[in-house]
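Scroll down for the structure; my scribbles are underneath it.
Values in this text are rule-based calculations from the coordinates and carry no lab data. Only a predicted model underlies this, so the values are computations on that prediction, with no experimental measurement involved. Glycine also receives a Cβ, built like all others from the backbone with ideal geometry; neighbour counts cover every protein chain displayed.
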Amino acid sequence: MAFDAEQVRAEFPILQRQVHGKPLVYLDSAASAQKPRAVIEAMTRAMEHSYANVHRGLHTLANETTDAYEAARRKAAAFIGAAEGEIVFTKGGTEAVNLVASGLAARLQPGDEIVLSEMEHHANIVPWHFLRDRCGAVLKWVPVLDDGSLDLAAYQGLLGPRTRVVALSHMSNVLGTINPAKDLARMAHEAGALVLFDGCQAIVHKPVDVKDIDADFYVFSGHKLYGPTGIGVLYGKAELLAQLPPYQGGGEMIGTVTLDEITYADPPHRFEAGTPPILEAIGLGAAIDWLSAQDRIAIAEHEHRLYQRVRERLAGANWLKVIGEAPGKGAVLSFTMEGAHAHDVAQILDRYGVAVRAGTHCAEPLMRRFGVTSSARASFALYNTEAEADAFVDALTKTQAFFA
Ligand code: PMP
């Protein structure tokens, strides 16, 4: 199946708009992706036609909404090769990591080790700092090599008898590096550690099978996957979720409640206290249906072509420093421009209708590793076109001329 970006693009209403009188060139999908009409309509349809609270009603709308919510769980499970009961809905990727980190507190002793990498997003750093401070655990950091790949030899060396948890990104939101999750998991397991992958970026750009990887936990968010904000997914192996204590207390996560005692519901409901993000789950289910109907290999090739086109056209630009060139990387271009702050670059690009992100990308240790305080980032998605790649290069060249 050939991939036709123009045809797919027409399904995203927002991409028709203009910014400062120029056609929008949206290159900020790694921060949050735009939504196809199928997602917008699924959420609107639910609100207009079939909406009530889930799980506790006996009336038709409550039952229909519960069915739709649980169907979304089945879709998320099938999407990553998991069982239905292994999918916990959270409010985002960040909450999913926090849920696991806080739940593991009872398993950790002072001196136990948690292995992270220098390329992690703060969402996969700060919750582990909390856990370290609670348990007296020690954080160990896998270094990043100059090309933006993980130092696998150093990783192997960090694993040892005290390693309890390994938490690594499957794909870096800054470098675009795609880490060899299956190998990383095997090595973690050989050391007797649990392994969590932050899949917030990877899941968007490649098919993921959590059983094949043998991940213990896998985390992703809806809003980067062409779905809505306010919804994330935590996959956990059934036996591990069964051992994990609840994260928050409230309705729907209990077995029984008396004045003296509480018993808890089984996973996944044990981790979904209160009214869950119902419409957001329905929207995520629609996004997964929509994306699953596309040729995902062709999409990855398309995104790679766009990245290559930009790289080739900018090959002679000695004013540009690209951060992260690992083999097989995803279509994320992080860069600094000589003589201009990344924020200023992003602001000038915006005048040309080009949306990129600038700052630390919630990855301050990585910025420090590469000796910069910030970078600009252009991230490519399935709806970007070659004309947009060219528009970006042209706007960037004019931006450089402005600062030169
Ligand atoms: N990890 C990575 C690699 C990310 O890119 C992001 C989003 N910027 C997150 C975690 C946090 O996800 P969320 O926005 O769903 O909380």
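Overview of results
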{"read-out": "For the stretch 192-198, Karplus couplings with θ = phi - 60° (6.51, -1.76, 1.60), whole Hz, Gly/Pro x", "value": "x, 9, 7, 10, 10, 10, 8"}
{"read-out": "Order of Met367, Met47 under a 10 Å beta carbon neighbour criterion, fewest first", "value": "Met47, Met367"}
{"read-out": "Chain lengthening between Ala404 and Phe130 when straightened (0.36 nm per residue, less Cα-Cα)", "value": "94.2 nm"}
{"read-out": "Over 20 Å [Cα-Cα, the stretch 1-119], rounded percent", "value": "68 percent"}
{"read-out": "Lys35, Lys398 arranged by Cβ crowding within 10 Å, fewest neighbours leading", "value": "Lys398, Lys35"}
{"read-out": "Length added when fully stretched, Gln347-Met47, from 0.36 nm per residue minus Cα-Cα", "value": "104.3 nm"}
{"read-out": "Choice from His129, His170, His302 showing the highest fluctuation, given a GNM over the chain with Cα pairs closer than 10 Å", "value": "His129"}
{"read-out": "Cα-projected label distance for Ile262 with Arg313, points at 7 Å along beta-carbon direction, nm", "value": "5.6 nm"}
{"read-out": "Gained length - Gln243 relative to Arg37, 0.36 nm times residue gap less alpha-carbon distance", "value": "70.2 nm"}
{"read-out": "Arg56 versus His122: modelled label distance in nm, points set 7 Å from Cα along the beta carbon direction", "value": "3.5 nm"}
{"read-out": "The chain, relative contact order in percent, only Cα pairs under 8 angstrom and at least six apart counted", "value": "24 percent"}
{"read-out": "Rounded FRET efficiency, nearest 0.05, which uses the C-beta distance separating Leu139 from Arg186 and R0 of 22 Å", "value": "0.50"}
{"read-out": "Nearest-0.05 FRET efficiency for Asn63 and Asp147, computed from C-beta distance (R0 60 Å)", "value": "0.65"}
{"read-out": "26 Å Cα-Cα threshold exceeded, pairs from Lys35/Lys182; Lys22/Lys75; Lys91/Lys211; Lys75/Lys211; Lys35/Lys211; Lys91/Lys321", "value": "Lys35/Lys182; Lys22/Lys75; Lys35/Lys211; Lys91/Lys321"}
{"read-out": "Rotationally averaged projected area of the chain (alpha carbon convex hull; nm²)", "value": "21.0 nm²"}
